[in-house]
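Here's the structure we're looking at; comments come further down.
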């Protein structure tokens, strides 16, 4: 499983550009599974500020909670805000302000990461008096409360410009911080306890003018990367550490284009393999390069297929499945496009448009137990830029768990009014269940189809007056995007005389002439007996309860005051251990 450790986004300059745009999300039918876009949910709006907001970073913790950082100037000064959405909740929390809102301080570029214990770590820029300082805070309760911010780079007494921070936390609970020193254009690195205190002395990782630093951690590899000016062109370089930041190997090129600008790097790990994404050739291509732990760097791949300018590429990985997304400038219209690989990045299809509209910005991707979440900024007509979210769920829902208390398993039962109940859920992090397709027939493995027949809030169904025979109940869940789940089957055997044979129930003598009703019946198992009598008009005239033993049972009743005519009795035998029932109805005559 991948993406438990957040990897850094493309860090942008502290001041967020106020972009207003129009975006109409492509609405697609949930009934089809042919178009890949049908797996995306409708967009939902997260923020609702009177001023422009912009995505800073997003991470989803292993428990499924979504954590969002965004920059908002609703108070007149740009501050860093945080919101969360726990797994299966329908609404986002109220916002929390993480940055300092006093003294003319303005927040800038920020990064968010998590660990396998659902702890959250944030680092961000704060501007004041010519300084850019980096502040750090963490939450140990899944984002409910945050520690007091501490300075992790920069100085409050001299003009220091530390910017574009990125962080990750390794499996030994060590914090790794990387940033750009704006004065020297060097990339610097610190490490230390996960509380952000007592970090190591800053270490310089490169010698040339650099920007857009990032840091990522696999199961045993730590990788720092950045964009560097070399020979008049921008290239992507990286360094690795095999001892959690104690020592670093030499600088190496991730990109190898000697006459093209390679910009805006983004790296994420899956286990110990890393995946690097960047824009190249003046933004006309999105490139991918994979670093395999066992064989090293693989050849570069171009994963964008559309003409036009691409920017802000991001990537999310889960197992063998990954999605890349970027902003695409199509004749002045800024749209999100994406591409997907199902074989660990070896092959990719044609890229697809996610939305219509203009000036979409700041896309972020996050994997969640096999699903993918995308977040982005845009403005509806006449409104301030806000943050929106959509979910890609192409995983089948789990098979429903069926119970039938009236007819246990495939055991023979005399109850021909079975009632089935079921419990069902969507895949973890999924879009939710729309309803169920179901069927009762006499075939063991019938597919009930993919048309919703019962809504998601229906959890039981009953059938009446079934004839003797073997039956099978079939049901599958269908999610809100039309993904049909696996089918569950439940077998039952209706045999109303299974332990109380009908031919072994008789009245003697018949007709009844002496006012004494003599009934004999055979049981192969002990049972409770309910004996009901009805007249020819169907009116119940008597009810008796008895205990039946294995073998032939005899009952004698006094019916001397009954008038001549035709009567009926119904014998219901309920087996003591399993509750299996047999119901037998027969007629008899009274004649004197």
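Observations
- Complete set of residues in region 424-440 that are closer than 14 Å to residue 488 by Cα and in contact (Cβ under 8 Å) with a residue 60 or more places away in the chain: 424
- Criterion (over 29 Å from residue 224 (Cα atoms), surrounded by 19 or more Cβ atoms within 10 Å (Cβ to Cβ) and either assigned by TED's automatic domain parsing to the domain that holds residue 236 or free of Cβ contacts under 8 Å to residues at least 12 places away in the same chain (or both)) met by exactly one of 364, 335: 335
- Residue satisfying condition, being modelled with pLDDT under 95, assigned to a loop (DSSP other than H, G, I, E, B) and farther than 21 Å from residue 174 by Cβ, within set 103, 64: 103
- Residue check, residue 92 assigned to a strand (DSSP E or B) and touching a strand residue (DSSP E or B) at 6+ places or on another chain (Cβ under 7 Å): no
- Within region 221-312, strands (runs of 3 or more DSSP E) holding 3 or more residues that are closer than 24 Å to residue 323 by Cβ: 222-230, 262-270, 273-280, 285-292
- Test for residue 216: is it in contact with a strand residue (DSSP E or B) (Cβ under 8 Å, 6 or more places away or on another chain), at positive phi and crowded, with 24+ Cβ neighbours inside 10 Å: no
- Checking each residue in region 505-515 for being on the phi < 0 side of the Ramachandran plot and either modelled with pLDDT of 90 or more or not assigned by TED's automatic domain parsing to the domain that holds residue 525 (or both) picks out 505, 506, 507, 511, 512, 513, 514.
- Test: residue in region 443-459 that is surrounded by fewer than 18 Cβ atoms within 10 Å (Cβ to Cβ), in contact (Cβ under 8 Å) with a residue 24 or more places away in the chain and assigned by TED's automatic domain parsing to the domain that holds residue 323: no
- Restricting attention to region 464-499, the residues that are surrounded by 15 or more Cβ atoms within 10 Å (Cβ to Cβ) and assigned to a loop (DSSP other than H, G, I, E, B) add up to 12.
- Residue 278 falls short on exactly one of the conditions (1) within 30 Å of residue 200 (Cβ to Cβ); (2) loosely packed, with under 15 Cβ neighbours inside 10 Å, and that condition is (2).
Here is a yes/no grid of residues against (1) crowded, with 23+ Cβ neighbours inside 10 Å; (2) touching a strand residue (DSSP E or B) at 6+ places or on another chain (Cβ under 8 Å); (3) within 17 Å of residue 191 (Cα to Cα):
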position: 108; (1), (2), (3): yes, yes, no
position: 113; (1), (2), (3): yes, yes, yes
position: 128; (1), (2), (3): no, yes, no
position: 147; (1), (2), (3): no, yes, no
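- Residues being over 22 Å from residue 60 (Cα atoms) and surrounded by 15 or more Cβ atoms within 10 Å (Cβ to Cβ) - total across region 130-145: 4
- When residues in region 43-61 are screened for being assigned to a loop (DSSP other than H, G, I, E, B) and at pLDDT 90 or above, 8 of them pass.
- Within region 18-42, the set of residues being over 19 Å from residue 367 (Cβ atoms), assigned to a loop (DSSP other than H, G, I, E, B) and at pLDDT 65 or above comprises 42 only.
- Qualifying residue in region 463-474 (condition: farther than 30 Å from residue 522 by Cα and either outside the structural domain of residue 530 (by TED's automatic domain parsing) or at pLDDT below 95 (or both)): yes
- Sole exception among (1) touching a residue at least 24 places away in the same chain (Cβ under 8 Å); (2) farther than 27 Å from residue 86 by Cβ; (3) part of a strand (DSSP E or B) for residue 151, by number: (1)
- Count of residues meeting criterion [assigned to a loop (DSSP other than H, G, I, E, B) and within 31 Å of the chain's Cα centre (by Cα)] in region 106-148: 13
- Looking only at region 475-504, and only at residues there that are touching a helix residue (DSSP H, G or I) at 6+ places or on another chain (Cβ under 9 Å) and within 30 Å of residue 578 (Cα to Cα), the one that is modelled with the highest pLDDT: 496
- Some residue of region 196-213 being assigned to a strand (DSSP E or B) and touching a residue at least 60 places away in the same chain (Cβ under 8 Å): yes
- Of all the criteria given as (1) surrounded by fewer than 20 Cβ atoms within 10 Å (Cβ to Cβ); (2) at positive phi, the one not satisfied by residue 101 is (2).
- Any hit, region 542-555, residues being surrounded by 13 or more Cβ atoms within 10 Å (Cβ to Cβ) and closer than 20 Å to residue 514 by Cα: yes
The values are calculated or read from the model by the stated rules, or taken from the named source; none is laboratory data. Just so we're clear, the structure is a prediction, and the values are computed from it rather than from any experiment. Don't worry about glycine lacking a Cβ; one is built from the backbone with ideal geometry, like all the others, and counts go over all protein chains shown.
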